[in-house]
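Trainee: Here it is: the structure, laid out below.
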Amino acid sequence: MINEKPLISICIAVYNLEIYIKQCLESILSQEFKDYEILLYDNGSSDRSIEICEEYAKKYSSHIRFKALCKPTIIGRPWRMGVKEMRGHYFMVVDGDDYITKGSLQRIANIIMYKNCDIIMGTFICDAELGMPNFKDAYFKEQKINDVSYEKAIEYLATLPNFHSVQWRYILSDKILSKEFRNKKQNENDDTSLFGRYNDTLHVCMILNSANSIFFMKEPFYVYRKRGGSLTGKIRKNENIVVDFMKFVLTLIKFKEDTYITDINSYEKHQMDVKFNLFRLACNLNTYEENYELAKLINANYKYYELALKYDIYGYRELYNFVKFKGTLEGIIEHQKKQIIKCLIALGNIKNKRIYVFPTGLCGEATAELLKSENIKIDGFLDNDTKKEGMVINKVICSLPQKVSEFDSNTKKNIIVIVATAYLELREVLKNQLLGYGILNSNIIVR
């Protein structure tokens, strides 16, 4: 029988993960620490995932509670159900294709017992499948999280490069899983139009609003499996990442306004800026049909779309004005055209020029697609990730930025580098890096 009040509740979401879920479950079940429950949810799989989960739930009935959720698959549903159904004092998430490190549950339990904090924040390592780039975690200064006030800790995390907003890095006290999460009823008639792939970040923003203390656990406890194809490839398969960036902004504002928590912390502000600028720099990838979908989304949530102005989101007013004066769909399309035109004007005369895009990722790939649509050839991607060196992305080779320093001075005069990143704090860093390699300031274009 499962302990009625275990120390830790572990929520695992599964969707077509038949080749991964066994490793995930075994990484937990093999831990020496045993005071936990596993809340295992299948979110509409069509492979053998349900069968495998049922086998484990039967074999380990003292630890596992399993539910096969009805279709259609709803993003974020297992997390919401796990929060409502947990029995533990603390709540953590493990995605069904990831796993945890040996001894990690005992380390987490020790921190719970000695620190009794609202949030334990951990680090991860990446298990990259063949052909996939590494997924690097940030470099943390422990003393800027554990030895300062909660407000200072959040301020530090807000602008930390490579700090990924993933909910599985947080272990949460049941005290802060508020009525907003636990008592809100979810049924088939609920509006799911704002549900998107960035529920992780939304949940993190909401949770940080509810907490008063955080402890940083330096030793990695989580293993993230990097799998899948290129980001733009996913978009072209109707997985519209770009629209989901706007969903994130509208949903976070809806949460703030509906709960009357109108003050905004530095982490939330940073996430709004980043997500909207991911939208802005990648909106050239949207088809007419996707712009039409976005227009419907904005019209259905126009109250929050207008309220976004008061949060002073970087670059947002330009889109707002286009929509206000042109109409929703026409404004979105005009905004899209404006981003393309601004990039082309900044390029200027490109005759006999070598063009590089720095770094890779969604903004870089979207920039390359923009140029390709205008029949402009790029000579390569640049990226600081050593594992990406030599990788071919959409038929374009990726090199370390040091490559440009190897050219002679005359060649450097004819090199244009487009810096494409949604992280505002990285723009000057990357630009200064290129200046250090001898690229002319006038030949560095920051999107």
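Trainee: Any residue at all in the stretch 16-27 that's closer than 30 Å to Ile154 by Cα, crowded, with 17+ Cβ neighbours inside 10 Å, hydroxyl-bearing (Ser, Thr, Tyr) and modelled with pLDDT of 95 or more?
Mentor: Scanning the stretch 16-27 turns up no residue that is closer than 30 Å to Ile154 by Cα, crowded, with 17+ Cβ neighbours inside 10 Å, hydroxyl-bearing (Ser, Thr, Tyr) and modelled with pLDDT of 95 or more.
Trainee: Out of the residues in the stretch 81-100 that are assigned to a loop (DSSP other than H, G, I, E, B) and of a type outside the set (Asp, Glu), which is surrounded by the fewest Cβ atoms within 10 Å (Cβ to Cβ)?
Mentor: Among residues in the stretch 81-100 that are assigned to a loop (DSSP other than H, G, I, E, B) and of a type outside the set (Asp, Glu), the one surrounded by the fewest Cβ atoms within 10 Å (Cβ to Cβ) is Arg87.
Trainee: In addition: Mind telling me which of the residues Ile333, Ile313 ends up being in contact (Cβ under 8 Å) with a residue 24 or more places away in the chain and either outside any helix (DSSP H, G or I) or under 21 Å from Ile418 (Cα atoms) (or both)?
Mentor: Details: Ile333 fails: either outside any helix (DSSP H, G or I) or under 21 Å from Ile418 (Cα atoms) (or both).
Only one candidate passes the filter, namely Ile313.
Trainee: Taking the residues in the stretch 57-80 that are touching a strand residue (DSSP E or B) at 6+ places or on another chain (Cβ under 6 Å) and part of a helix (DSSP H, G or I) as candidates, determine which candidate is surrounded by the most Cβ atoms within 10 Å (Cβ to Cβ).
Mentor: Across the stretch 57-80, the extreme among qualifying residues is Pro78.
Trainee: Could you tell me whether the stretch 262-270 includes any residue that is over 27 Å from Lys377 (Cα atoms) and free of Cβ contacts under 8 Å to residues at least 24 places away in the same chain? Steps first, answer last, please.
Mentor: So the first thing to find is which residues in the stretch 262-270 are over 27 Å from Lys377 (Cα atoms), and the list is 262-270.
Now narrow it down to the ones that are free of Cβ contacts under 8 Å to residues at least 24 places away in the same chain: 262-263.
Yes, some residue in the stretch 262-270 is over 27 Å from Lys377 (Cα atoms) and free of Cβ contacts under 8 Å to residues at least 24 places away in the same chain.
Trainee: Let me ask something additional. Looking at Lys387, Lys395, Lys353, which one is surrounded by fewer than 19 Cβ atoms within 10 Å (Cβ to Cβ), farther than 25 Å from Met132 by Cβ and among the charged types (D, E, K, R)?
Mentor: Values: Lys387 fails: farther than 25 Å from Met132 by Cβ; Lys395 fails: farther than 25 Å from Met132 by Cβ.
Selected residue: Lys353, the only one of Lys387, Lys395, Lys353 that is surrounded by fewer than 19 Cβ atoms within 10 Å (Cβ to Cβ), farther than 25 Å from Met132 by Cβ and among the charged types (D, E, K, R).
Trainee: So which residues in the stretch 101-122 are open to solvent by less than 10 Å² (accessible area, probe 1.4 Å) and either assigned to a strand (DSSP E or B) or aromatic (Phe, Trp, Tyr) (or both)?
Mentor: Ile119, Ile120, Met121, Gly122, listed by residue number.
Trainee: Within the stretch 254-274, is there a residue that is within 23 Å of the chain's Cα centre (by Cα), small (Gly, Ala, Ser) and open to solvent by less than 10 Å² (accessible area, probe 1.4 Å)?
Mentor: no
Trainee: If you don't mind, there's one more thing I want to ask. Can you pull out every residue in the stretch 28-55 that is open to solvent by 30 Å² or more (accessible area, probe 1.4 Å) and not charged (D, E, K, R)? Walk me through it before giving the result.
Mentor: Going through the stretch 28-55, the residues open to solvent by 30 Å² or more (accessible area, probe 1.4 Å) turn out to be 30, 32, 34-35, 46-48, 50-51, 54-55.
Correct list: Ser30, Ser46, Ile50.
Trainee: Looking at (1) out of contact with any Leu (no Cβ under 9 Å at 6 or more places or on another chain); (2) in contact (Cβ under 8 Å) with a residue 60 or more places away in the chain; (3) under 23 Å from Asp200 (Cβ atoms), which is the one condition that is false for Leu39?
Mentor: (2)
Trainee: If you don't mind, another one. Checking Ile341 against (1) surrounded by 14 or more Cβ atoms within 10 Å (Cβ to Cβ); (2) more than 29 Å from Asn134 (Cα to Cα), which test does it fail?
Mentor: (1)
Trainee: Can you say whether Ser442 is more than 28 Å from the chain's Cα centre (by Cα) and under 30 Å from Ile313 (Cα atoms), as far as the supplied structure shows? Break it down into steps so the answer makes sense when it comes.
Mentor: Working: more than 28 Å from the chain's Cα centre (by Cα): yes; under 30 Å from Ile313 (Cα atoms): yes.
Yes: the conditions hold for Ser442.
Trainee: Could you check Lys303 against (1) in contact with a helix residue (DSSP H, G or I) (Cβ under 7 Å, 6 or more places away or on another chain); (2) open to solvent by 40 Å² or more (accessible area, probe 1.4 Å) and say which number it fails?
Mentor: Of the numbered conditions (1) in contact with a helix residue (DSSP H, G or I) (Cβ under 7 Å, 6 or more places away or on another chain); (2) open to solvent by 40 Å² or more (accessible area, probe 1.4 Å), the odd one out for Lys303 is (1).
The values are calculated or read from the model by the stated rules, or taken from the named source; none is laboratory data. This one's a predicted model, so the numbers in the text were calculated from it and none came from an experiment. FYI the Cβ positions are ideal-geometry reconstructions off the backbone, even for glycines, and counts take in every protein chain you see. Each accessible area value is taken on the protein alone, full model and side chains, heavy atoms only, with ligands, DNA and RNA left out. Shrake-Rupley method; radii C 1.70, N 1.55, O 1.52, S 1.80 Å.
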